[in-house]
Amino acid sequence: MKMQQHAAPRGETLSALLDNEVSELDARRLLRDMTDEDAEQLGRWQLARDVLQRHPVAAVPADFSARIGMALEQEQQSRHWALPLARLAVAASVALATVVGWQYWDDSQLAGAPAVASSQRPVLLEGHELVSGVIHPQAQPAALTQERERMEDMLVRHSDFAARHGSQSVVPYARFISLEARKEQQ
Amino acid sequence: MWLRWLMVLLVGLALQAPAEELSAPQLLEKMSQAARALEYRGRLLYLHGNTVSTLELLHARFDGREHERLTQLDGQLAEVIRRGEQVVCVHADRTITRLVNRSSVTPLGLHERLSSSLPVQYQLLLDGEDRVAGRAAHQMRLLPLDQFRYGYRLWTDQESNLLLKSELVDTDGVVLERLEFVSLELQPQLTQADFEVPATLRERALDSLADDAHPSGRVSLKAGWLPDGFIEVDRDLRLSGGERRPVAAATYSDGLAAFTLFVEALPENAGEGISRMGPTLAISRHIAADSAGWLVTLVGEVPSLTGERVLANLSLGTSGASSD
């Protein structure tokens, strides 16, 4: 469903966002303009829906809109997101974050298990999408390069393991190559 | 292997099934054998999210060793060349990573597992016939029986039994990635020269170390929870990244899906969080063990629910060398 930002009532718009029925650009605009009140509303709806559908319960944290705002701001400043495609990917994944992000599960069997870490600050890499957490605000380009190489090595090793022990050898390699080819040239 | 073939033959005779009517498990078995045994060249499309890649695949056997080359055709050049147990990844910046696999662990891939039995966590359905890359294909579905893994849709070539198209499907039925041939040539007369590694600027070694060479390798992973059917299938310790830090890895698989846990001494400014690359999930967490800090990163094609739960129930020990 395509929708206009100001045509639909606020509640309807948020509901569409929760149902993943907004375009990427709309999602991006919505999230930018979201108030804490909206976030609370979204959290309540999602909780209700998760309980109804017996999904693991996901909660939207209290400082949700502040985190999103910071993530978007950081994204605009970062030269790593210079490509329009990458920007769209972030917008789409930010929308995703409202739906699937912050997955705490309510499972009595897991009592005593460590809670999901409170300070989530992943470093975003090309080809990655933000699912939860915020971009590390102090991340330096050198640290990013290091982090990227570390992550790439992990991908290579995982792809190799997956190719030898998983279902099909070509698919893991295709994943890795496709990501490589879309890296921004240094 | 002999015995298995004999049994398949006997079962086939006992059921008196017509030769044309292959069951879905038989098709899967033939598919995994064809992919390794045949010589072929083809162009592929790889799709995930809003990205499309065009790839070329070469596959042949020389001296009984499998050779495979997968090359990105659009955008920057990246490729993977596999010659027997040696795997070379050519990165977009013309650096390469070499991996030589220690053959201590017998591969437990689809090839081996599917020919014995399909993991019980999946249901296999034959979906009739379709066409892919201009060729007649059998269509199959592998449905996961719980929410901790993804499902697959597979199309195999009726003539050669090669896998022509493959889709990874999440628990809501959304296709996360698709790899499909758009053209396929059988017996293209490839030579060893088609699998040569290109000249490069720099090698990024991912050197393999003995497990006891560094504390990272001696860390034992105690998985308090794993999805049913997942077992550890491989592990190693390698020097990784520009700083050549020792990073240990252990891979878990249910025969179809796989995820890898990476363990390293906590780097400075290490982040925690979740990110996603197409169907691949990556989650990093700090875990303390014996007064030392460790960074554990899970990378794999599993739902985030699965990844989070594995990490939340993971504990590390540094005393013993064994693991669960």
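The values are calculated or read from the model by the stated rules, or taken from the named source; none is laboratory data. Given the structure is predicted, the values throughout are model-derived calculations rather than measurements. Please note: Cβ atoms are built from the backbone with ideal geometry, for glycine as well, and neighbour counts cover all protein chains shown.
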Among the residues of the stretch B:83-99, write down those that are at the interface with chain A (Cβ under 8 Å from one of its Cβ atoms) and buried (at least 19 other Cβ atoms within 10 Å of the Cβ).
B:Val87, B:Cys89, B:His91, B:Ala92, B:Thr97, B:Leu99
Being at the interface with chain A (Cβ under 7 Å from one of its Cβ atoms) and more than 17 Å from the chain's Cα centre (by Cα) is the filter; apply it to the stretch B:52-73 and report the residue that is surrounded by the most Cβ atoms within 10 Å (Cβ to Cβ).
B:Leu55
Read through the list (1) under 24 Å from A:Val170 (Cα atoms); (2) polar (S, T, N, Q); (3) modelled with pLDDT under 80, then give the number of the only condition that B:Gln33 fails.
(3)
Out of curiosity, is B:Leu256 in contact (Cβ under 8 Å) with a residue 12 or more places away in the chain and assigned to a loop (DSSP other than H, G, I, E, B)?
yes
Requiring at least 3 residues that are modelled with pLDDT of 95 or more, the strands (runs of 3 or more DSSP E) wholly within the stretch B:123-169 are B:135-144
Subset of the stretch B:35-50 (residues that are touching an Asp or Glu at 6+ places or on another chain (Cβ under 8 Å) and under 24 Å from B:Tyr122 (Cβ atoms))
B:Arg36, B:Tyr46, B:Leu47, B:His48
Does B:Phe181 count as modelled with pLDDT of 90 or more, of a type in the set (A, V, I, L, M, F, W, C) and not in a strand (DSSP E or B)?
no
Run B:Leu77 past the list (1) at pLDDT 85 or above; (2) not in a loop (DSSP other than H, G, I, E, B) and report the number of the one that doesn't hold.
(2)
Can you find a residue in the stretch B:248-269 that is within 7 Å of chain A (Cβ to nearest Cβ) and modelled with pLDDT under 85?
yes
Can you find, within the stretch B:189-233, the residue that is surrounded by the fewest Cβ atoms within 10 Å (Cβ to Cβ) among those that are out of contact with any His (no Cβ under 6 Å at 6 or more places or on another chain), modelled with pLDDT of 80 or more and under 15 Å from B:Thr260 (Cβ atoms)?
B:Ile231
